[in-house]
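Notes follow the structure.
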Amino acid sequence: QRSAQVFYINPRLIESASPKTGEVIQILPDTDLYLMAALLHEMDALGRFDENVIREHGTRIDALRAFIAPYSADAVAEVVGLGADTIRDLADTFSGAERACVHMSTGVNMGQHGTLCYWLLQMLSFVTGNLDKPGGNFYSEGFYPAAKAGRARLDNVFFPSQHGEMRHIRGALAGNLLPDMILDDDNPIRALVVIAGNPLLSVGGEGRWRQALEKLDLLIVIDLFRNATGEYAHYLLPSADMLERPDLNICGLGMQYQPYVQYTDAVVPPAAQRREEWWILSHLLQAMGRHAPMLEQDPPRPFGRLDHMLSRTGLCVDTLAQQPSGTTVLDTQSIGRFYTDFIQTDDKRVDCCPPLFADAMELANQQFQALTTSTPAFRLINLRTNYMHNSWYQNVPTLKRGAHASNALHMNPADLQSIGIDDGDEVEASNTYGRVRVKVRSDDSLREGVVAMTHGWGNRQTPGMRVAQQHPGVNINALLPNGPGSFEKLSNQAFMSGVPVSINPVATQRTRA
């Protein structure tokens with residue numbers, strides 16, 4: 001309404017976009033890295049890099065320029081599925097704007113180059129002088145200075161293992177390796193606690209997961225809903241839901257233009273024997289004879305850590321609870337403080353091309369060359385609907401109706417015609433990791449060559465969930481890479497979006513010439 005231009009880069013015509021809100025540029029999945037490299041390449045060619053900002057706040061700009069050098073708009077156009085002029089126009093519009101910001105979310109992170117994509121995203125803001133400026137990108141401090149969590153040791157971050165080279169990300173390992181670690185003959189994981197998760201259907205390699213879960217000596221599942229993973233549990237423990245427990249939401253920390261903090265009390269007591277996760281885990285520790293610090297306090301203080309976080313603003317949970325609506329709006333002003341207060345590099349400068357990325361950059365270059373000679377016929381992306389959130393709603397009767405009684409494979413109408421099938425026909429989707437049979441649904445929101453499907457389904461082998469077994473759907477994650485090499489080593493994120501697949505009509509049904 002104030003004459004801003006908004007561009008959505010997505011393989012799909014998403015719901016947020018309209019003639020009033022912005023234009024969708026339909027890229028091919030998992031090629032975002034090459035588009036951003038081309039945007040930077042063209043901006044540099046236009047002389048739009050802010051040399052004063054780079055000189056004052058940046059390092060290793062030459063290495064960044066060396067990486068983007070091969071990726072001109074003409075070079076990447078066919079790989080990303082966009083015209084070279086479209087890419088040049090986008091680079092000109094962004095870098096020529098008085099103010100500009102850029103945002104990325106989960107879909108890109110789930111590709112093969114998530115970390116490099118987030119790197120180039122930050123570079124788009126930094127080199128054009130839009131970082132830490134009003135109208136550009138800035139770090140929102142929130143009620144706690146979480147920026148220090150970004151201070152990372154960048155030497156010797158990888159270590160060898162029988163499952164290949166690995167890295168801890170704040171203590172976590174790659175979930176795609178968990179079945180291999182359970183099935184390891186020499187030093188297996190023998191016990192597992194799953195909290196609010198359904199890895200059996202939400203991670204690639206369902207067959208391998210079933211073998212692993214059957215081998216565990218102990219599986220504890222803590223959740224609001226039953227799920228397929230819980231069918232293997234030795235103990236299935238019900239947790240309190242969002243209305244049965246007090247809460248202080250920290251998910252928005254660092255993502256608020258006007259920082260605020262809000263506490264909400266429980267609305268109702270937990271039903272039956274449901275308990276909060278901290279209570280369950282503390283009592284398990286106590287029963288094992290281990291230290292359970294929360295239970296040693298009278299009364300227990302599950303919000304102790306949050307009290308510490310709030311203390312820098314002069315608040316605590318108790319005082320916050322007394323505020324109107326349990327809410328305090330903070331006067332933290334973050335813009336203009338990034339380079340002095342928040343950046344975590346030792347020299348307080350933006351590293352434009354961290355040496356840690358070298359192997360990932362080389363892999364990206366190799367994969368780009370492969371894409372110039374061979375393009376997958378179809379690429380699979382995830383599709384979210386209001387009727388299935390991850391896999392939690394699979395056993396809810398009211399959400400299994402009409403077109404949502406199962407999960408179809410969405411395809412562009414032109415793609416249906418090209419392989420001689422109609423809306424509602426059955427196809428086989430396959431790749432080197434698996435194959436599934438599924439009905440197709442015509443969907444003109446997808447660009448040609450892109451197929452989409454909602455995950456979290458596939459409950460044919462879940463007898464304890466009556467509704468879910470009556471409407472099992474298809475586990476599309478059977479087509480996801482799994483095991484060693486199936487995730488990005490820098491982040492441990494599994495490759496889950498833009499996965500190449502083949503689509504063929506089921507042989508027994510009618511086909512068109």
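The values are calculated or read from the model by the stated rules, or taken from the named source; none is laboratory data. Note that the coordinates shown come from a computational prediction; the quantities given were computed from them, not determined experimentally. Note that we place each Cβ from the backbone using ideal geometry, even for glycine, and neighbour counts take in every protein chain shown.
Checking each residue in the range 391-429 for being basic (Lys, Arg) and surrounded by 14 or more Cβ atoms within 10 Å (Cβ to Cβ) picks out only Lys400.
Taking (1) free of Cβ contacts under 8 Å to residues at least 40 places away in the same chain; (2) surrounded by fewer than 14 Cβ atoms within 10 Å (Cβ to Cβ); (3) more than 26 Å from the chain's Cα centre (by Cα) in turn, Thr432 satisfies each apart from (3).
Scanning the range 447-468 for residues that are of a type in the set (S, T, N, Q) and surrounded by 16 or more Cβ atoms within 10 Å (Cβ to Cβ), we see that the one that is farthest from the chain's Cα centre (by Cα) is Thr462.
Go through the residues of the range 494-512 one by one and say whether even a single one is assigned by TED's automatic domain parsing to the domain that holds Asn382 and among the charged types (D, E, K, R). So far as the range 494-512 goes, no, none of its residues is assigned by TED's automatic domain parsing to the domain that holds Asn382 and among the charged types (D, E, K, R).
For a quick check of your reading: which helices (runs of 4 or more DSSP H) sit entirely within the range 34-150 and have at least 2 residues that are among the charged types (D, E, K, R)?
Output list reads 51-57, 61-68, 73-80, 84-96.
For the range 134-168, a residue qualifies if it is surrounded by 11 or more Cβ atoms within 10 Å (Cβ to Cβ) and on the phi > 0 side of the Ramachandran plot, and the qualifying residues are Gly135, Gly142, Gly164. Of the set (1) over 28 Å from the mean Cα position of the chain (by Cα); (2) closer than 21 Å to Ser140 by Cβ, all apply to Leu285 but (2).
Contact map, the range 381-410: residues that are outside the structural domain of Gly204 (by TED's automatic domain parsing) and of a type outside the set (Phe, Trp, Tyr) paired with residues that are surrounded by fewer than 17 Cβ atoms within 10 Å (Cβ to Cβ) and at pLDDT below 90, Cβ distance under 7 Å, separation 6+ or inter-chain. Pairs shown: His404/Thr385.
Collect the residues in the range 18-71 that are modelled with pLDDT under 95 and of a type in the set (Lys, Arg), keeping them in residue-number order. Hit for the range 18-71 is Lys20, nothing else. Residues that are buried (at least 17 other Cβ atoms within 10 Å of the Cβ), modelled with pLDDT of 95 or more, of a type in the set (A, V, I, L, M, F, W, C) and farther than 23 Å from His471 by Cβ within the range 216-248 comprise Leu216, Leu219, Ile220, Ile222, Leu237, Ala240, listed in sequence order. For residues in the range 409-429 being within 28 Å of the chain's Cα centre (by Cα) and among the acidic types (Asp, Glu), which is nearest to Val474 (Cα to Cα)? Checked the range 409-429; the qualifying residue nearest to Val474 (Cα to Cα) is Glu428.
Considering only the range 258-270, I want to know if a residue exists there that is at pLDDT below 95, in a loop (DSSP other than H, G, I, E, B), under 30 Å from the mean Cα position of the chain (by Cα) and not acidic (Asp, Glu). Yes, because at least one residue in the range 258-270 is at pLDDT below 95, in a loop (DSSP other than H, G, I, E, B), under 30 Å from the mean Cα position of the chain (by Cα) and not acidic (Asp, Glu). Only residues that are without any contact (Cβ under 8 Å) to a residue 40 or more places away in the chain, more than 18 Å from His389 (Cα to Cα) and assigned to a loop (DSSP other than H, G, I, E, B) were counted in the range 205-242, giving 5. Considering the range 190-204 alone, what residues qualify as being in a loop (DSSP other than H, G, I, E, B) and either out of contact with any Asp or Glu (no Cβ under 7 Å at 6 or more places or on another chain) or under 25 Å from Asp241 (Cβ atoms) (or both)? Result: Ala196, Gly197, Asn198, Val203, Gly204. Of the candidates Leu131, Leu90, Leu120, Leu116, the single residue that is within 17 Å of Tyr8 (Cβ to Cβ), surrounded by 18 or more Cβ atoms within 10 Å (Cβ to Cβ) and not basic (Lys, Arg) is Leu90. The conditions of being farther than 30 Å from Gly314 by Cβ and among the small types (Gly, Ala, Ser) are not met by Ala149. Can you tell me which residue within the range 64-86, out of those that are of a type in the set (A, V, I, L, M, F, W, C) and either closer than 19 Å to Asn137 by Cα or in contact with a strand residue (DSSP E or B) (Cβ under 9 Å, 6 or more places away or on another chain) (or both), is surrounded by the most Cβ atoms within 10 Å (Cβ to Cβ)? It comes out as Leu64.
Gly464: modelled with pLDDT under 95, part of a loop (DSSP other than H, G, I, E, B) and on the phi > 0 side of the Ramachandran plot, yes or no?
When the stated conditions are applied, Gly464 does not pass them.
Can you name the residue in the range 169-189 that is part of a loop (DSSP other than H, G, I, E, B) and exposed (fewer than 13 other Cβ atoms within 10 Å of the Cβ) and is also modelled with the lowest pLDDT among such residues? Per the criteria, the residue is Arg170. Answer yes or no as to whether Asp444 is surrounded by fewer than 17 Cβ atoms within 10 Å (Cβ to Cβ), of a type in the set (D, E, K, R) and either touching a residue at least 12 places away in the same chain (Cβ under 8 Å) or in a loop (DSSP other than H, G, I, E, B) (or both). Answer is yes for this residue.
Applying a threshold of 6 Å to beta carbon distances and a minimum spacing of six or more residues, or different chains, the list of pairs starting in the range 50-73 at a residue that is more than 17 Å from Ala364 (Cα to Cα) and without any contact (Cβ under 8 Å) to a residue 12 or more places away in the chain and ending at one that is surrounded by 15 or more Cβ atoms within 10 Å (Cβ to Cβ) and hydrophobic (A, V, I, L, M, F, W, C) is empty. The combined condition, being in the same structural domain as Pro463 (by TED's automatic domain parsing) and either of a type in the set (Phe, Trp, Tyr) or surrounded by 18 or more Cβ atoms within 10 Å (Cβ to Cβ) (or both), is not fulfilled by Leu320.
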